[in-house]
Amino acid sequence: MFESRNLSLSVGTKELLRESSFRIGDRDRVALVGMNGTGKSTLLRLISGTASESTLVSEGQFLKSADTTIGYLSQEISFERDLEKTALQYAMHANMRLFDLSETIARLEHELALPDQDHAGAAYHRLIERFTDAMHDFEREGGYTMRAQAEKMLSGLGFSEADFHKKVKAFSGGWQMRLLIARLLLQNPTLLLLDEPTNHLDIDSLRWLENYLQNYEHSCIIVSHDRFFLDKLTTRTLEISFQRIEEYKGNYSYYEKEKAARYELLMSRYENDMKKMADLKAFVDRFRYKATKARQAQSRLRQLEKLEQGLQAPEEDLSRISFRFPKANPSGREVMRLEGIGKTYTLPDGTPKPVLRDIDLDVLRGDRIAIVGSNGAGKTTFCKILAGETGFEGKLTTGHNVSLNYFAQHQTENLDTGKTIYAEMLDAAPTPEAQRKIRDILGCFLFSGDAIDKKIGVLSGGEKSRVALARILLQASNLLIMDEPTNHLDMRSKEMLIDALENYDGTLLLVSHDRYFLDSLVNKVIEIRNGGLQLYHGGYADYLEKAEKALEEERLKESARQKAEAATVKERAAQPAKPATAPKRNHRKIESIEKSIQSLEQKKESLETLMATDDFYRCSPEENKRTLEDYHSVSAELDRLFSEWEACMS
């Protein structure tokens, strides 16, 4: 389906790939991995055709089959002229042909309904022909399911029905990224390129996306730092390392094991060759000047030269630097006690919006707690309350000898833009021992060599976030609260942070959407939902299992409730009528209106089906006119009945 042959790729003076080849087949699920800066995103841009030619030089070729279509999700958000569209309109623009047809049908319906139309004239008949052609094409190409598919996609990604009609510009960057995902999936390309698709998803929408991609009928190339996501979805792994692409026939966990095994094998061969060379060299040095051994010495010398020409030490990524948090004096057994904690924000129009209500919690020394919940549930607000960065209702008591360190998502605002990275770290290092660790820590977060002398002000948002996180690792505390610390970290940096936190001897509270990160560290989980708090004991995997069971029980209860309601309605309907009182007369009127609405909706659907068939073309103008008049009359009557029904219900 898609193939790269002998690809060489450079950006400016930096060489990213050298004569690399790979192939993507039908329904392939491929993880593209490698350290930050190795060229993963650049390669996806090149494949998608969105790379900037002014900064990129490439050799080699891409080959693709005639029916291959490519869809690309970039990390960068760009909506340009779409900011005024609603979320639903934006999603439905995934199929521009169908969207344009729907707009054409709506416009033609309006023109046909104008009171000054000459129904006997040629212009009116041409309008009818254009309308029927558009209706026919719309139905044949799946137009009647387009809106339902878009709504289903948006719902799966966390949008409410009210959100469907909000303009794109009203959403935050994270929600705009979800809109990009929805529209891309609705396009259904045969090769899907996803660059960090999980960055802005909460747990519920992440599960939905995983399930969707598991059943996706075409091929995907995925760049992600979420190893759970890659393990669940991918069956092949391509690694960019040392300007080459290496293939591994398995998911990320398989790749890690296989890479280590390959390195051990190469190292064993290298060591054997080195030993063999040493033996050959010793023989040559000993016998090259002895006439009786000269021929053998020359033979050994040729073997030695051949081995030297082919000898190459196996390349290895920089070894992971281990780091430990500075030790702080231990806290008392009770670290924090929350009693009746609540938080209410005031919206711009003055409306109060409760976020958290009546929360009670005891945080004990040694707790390692994950804080989870959907986007907007109040996780960051909860962390701010614990860290003393926002007001609240209720009572919060801090335990004996607690020293708190807080990493917030807005931590970059506290950096001095005029200082270099190294100077900023030096100011944050409280002891000479911590100062000696600065270069090692910065190396873990991808700052090495001259990069540590960059000014904070010229760094990207992701680079600033990594500096802010590195500063935290220099400061001693016995209570650490971290809000999304793994954003902008590659796998290697994330492993380093996990290693450091595993050896942290204080109390830990973590907000993260990275399931592997949480599963490696926590022994309790707090779920924030609908303003309340639910505490689960055990690791993150235990929480997922318990939460899934609770959700299933909730579904069963809701199903049972709906069945009971339906049975009650049926039972009431079967009971003989009693003398009517005013409220019951109103109830009968509502039932009568609902029956009329149901009948008219069926009639409208029949008319729409008729107008979308070939038979409608063969009708006379008079018959077409009557059909359209019936259609508009039914639509108008439905509008009137819906208004009357709403009035009766109020």
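Derivation of every value follows stated rules applied to the coordinates shown; laboratory data play no part. Predicted model, so just to flag it, every value in this text is computed and none were measured. No Cβ is skipped: glycine too gets one built from the backbone with ideal geometry, and neighbour counts run over all protein chains shown.
Things worth noting here:
- Angle of helix 294-310 to the longest C-alpha principal axis of the chain, folded into 0 to 90 degrees and rounded to 10: 30°.
- Helix 143-156 and the longest principal axis of the Cα set of the chain meet at an angle near 50°.
- Charge dipole magnitude, Cβ of K and R +1, D and E -1 - the chain, Cα centre, debye nearest 20: 2520
- Summed side-chain charge close to residue 32 - residues other than residue 32 whose Cβ falls under 14 Å, Lys, Arg +1, Asp, Glu -1: -1
- Using alpha-carbon coordinates, inclination of helix 96-112 to the longest axis of the chain, degrees: 20
- In this structure, residue 64 and residue 291 have a Cβ-Cβ separation that, at R0 = 60 Å, corresponds to a calculated FRET efficiency of about 0.35.
- Extents of the chain, taken as max minus min of Cα coordinates on every principal axis and listed largest first, are 121, 69, 51 Å.
- Computed E for residue 123/residue 541 - FRET, C-beta separation, R0 60 angstrom, nearest 0.05: 0.30
- Packing, as the average of other Cβ atoms within 10 Å across residues, places the peptides 406-414, 152-160 in the order 152-160, 406-414, highest first.
- Per-selection metrics, the stretch 334-548 (Cα): Rg and Dmax in Å: 18.0, 52
- For the stretch 72-253, the mean projected area of the C-alpha convex hull, equal to one quarter of the hull surface, is 13.6 nm².
- FRET efficiency for residue 212 and residue 609, using Cβ-Cβ distance with R0 set to 35 Å, rounded to 0.05: 0.70
- Using C-alpha pairs below 8 Å separated by at least 6 residues, the relative contact order for the stretch 132-260 is 17 percent.
- Estimated dipole of the stretch 72-253 in Debye, rounded to 20 [Cβ of Lys and Arg +1, of Asp and Glu -1, Cα centre]: 340
- Mean Cβ count within 10 Å, highest first, over the residues of peptides 533-543, 470-480: 470-480, 533-543
- For the stretch 25-82 versus the stretch 120-161, the gap between their alpha-carbon centres in whole angstrom: 32
- When the Cα positions of 303, 115, 72 are compared along the charge dipole of the chain, 303 comes out farthest toward the positive end, with charges on each C-beta of Lys, Arg, Asp and Glu.
- Taking the chain and dividing mean pair separation by its residue count, relative contact order in percent (alpha carbons under 8 Å, at least six apart): 13
- Values of log10 I(q)/I(0) for the stretch 323-457 across q = 0.12, 0.16, 0.18 Å⁻¹ run -0.70, -1.01, -1.11, by the Debye formula with one identical scatterer at each alpha carbon and no solvent.
- Based on Cα contacts under 8 Å between residues 6+ apart, the stretch 9-105 shows a relative contact order of 26 percent.
- Positive-end residue of 390, 346, 372, charge dipole of the stretch 328-407 with Cβ unit charges: 372
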